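The values are calculated or read from the model by the stated rules, or taken from the named source; none is laboratory data. All figures in this text were calculated on a predicted structure; none of them were measured in a lab. FYI the Cβ positions are ideal-geometry reconstructions off the backbone, even for glycines, and counts take in every protein chain you see.
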Amino acid sequence: MHEWPLIAFTLLIQASVGTILLAGLFGCWINKTGGEALSFQLVRPVLLLTCLMTGIGLLFSVAHLGYPINAVNSIRHAGSSWLSREIIFTGTFFGVICLVTLRTLMTKRVFPTLLLIAAIVGLIDIFCMAEVYRHTMVATWAHINTQFTFFGSILTLGGCISLLLMAPRVKGQLSDALSFKIVFVAALFIGIGMIGRLVVLPCYISALPTLSLAGGVTFPIDAVAQFNQSAGLRLSGWLMGLFGLLLVVLAIYQGRSQVVAKYAEMLVFGSLVTIIAEIIARYSFFLIS
């Protein structure tokens, strides 16, 4: 398996986009109810981690290309190449995130509008990223399922990381109502990200034979055959992800407005389980040889 750099790159960038999207939303709410000082205190670690994840993701991208000069050469065909567009928007996203984080640290204020602008740049980046794989001769990638997979990971990973970073820290800092709202929306992101992919899955599986007959075989690799052989791995990833989501939902159901005070550990554990499931799912996505 030589695609670990791509696994790390795609997951880290998608996690960063989802996390920054929620950071903008949560920062707006906390600014209004808790004040700018508290908002800065709670959102600052999220911004720093997002910068770190995006930077590491870029390093993995360069590692996959082989040499840094290859990344420079790859951006020369933005008009015709999805790879060029992906590299351009990934670099732009990283630059915007770093600038927004720097301004936040210097002013000690959270700027939700700037965070949402950064998230929009990130969403465009992920669209380009998915199109890179969709426009290949690999049958298991050449389907709209690839877009659902990548955008689903944005929502799921963004929700999980937000819960990991904020659930333990908002305890006693925010009102019960706002704490519940933050946890609920993060859980909603996780659920939508997973359920959306489940909805498109039957159509994807039924389309695979047609895609293969249309020439979607990259010699000497038969991606559809490998897809069928790795069914157990994909199933384990789905079961683990649904289990993690169930833990988060149970914590919310049992804790209600006191979910952060009473069930922060369950939220954290459910999020960690779901992140592991995302890694398994992405491994199976790239497992074509």
For this session: Give the number of residues within the range 112-145 that are assigned to a helix (DSSP H, G or I), over 26 Å from LEU49 (Cα atoms) and among the β-branched types (Val, Ile, Thr).
Result: 1
Exercise. Can you list the helices (runs of 4 or more DSSP H) found entirely within the range 1-96 that contain at least 3 residues being surrounded by 16 or more Cβ atoms within 10 Å (Cβ to Cβ) and at pLDDT 95 or above?
Worked result: 4-33, 36-65
Problem set entry | Residues of the range 5-59 that turn out to be of a type in the set (Asp, Glu) and either under 20 Å from the mean Cα position of the chain (by Cα) or under 24 Å from ILE280 (Cα atoms) (or both), as a count | 0
Exercise. Among the residues of the range 226-261, which ones are closer than 24 Å to VAL200 by Cα, without any contact (Cβ under 8 Å) to a residue 40 or more places away in the chain and among the aromatic types (Phe, Trp, Tyr)?
Worked result: PHE243
For this session: Tally the residues that are surrounded by fewer than 22 Cβ atoms within 10 Å (Cβ to Cβ) and under 17 Å from the mean Cα position of the chain (by Cα), restricting the search to the range 166-189.
Result: 2
For this session: Any residue in the range 277-289 that's free of Cβ contacts under 8 Å to residues at least 12 places away in the same chain: show its pairings with residues that are of a type outside the set (A, V, I, L, M) and not in a helix (DSSP H, G or I) at Cβ separation under 6 Å, as long as the two are six or more apart or on different chains.
Result: none
For this session: Scan the range 190-202 and give yes if some residue there is more than 30 Å from VAL121 (Cα to Cα) and either at pLDDT 95 or above or loosely packed, with under 15 Cβ neighbours inside 10 Å (or both), otherwise no.
Result: yes
For this session: May I ask you to verify whether ALA251 is closer than 18 Å to TRP141 by Cα, buried (at least 18 other Cβ atoms within 10 Å of the Cβ) and either touching a Lys or Arg at 6+ places or on another chain (Cβ under 6 Å) or modelled with pLDDT of 95 or more (or both)?
Result: no
Exercise. On the given criteria, is ILE288 over 20 Å from SER162 (Cα atoms) and touching a strand residue (DSSP E or B) at 6+ places or on another chain (Cβ under 9 Å)?
Worked result: yes
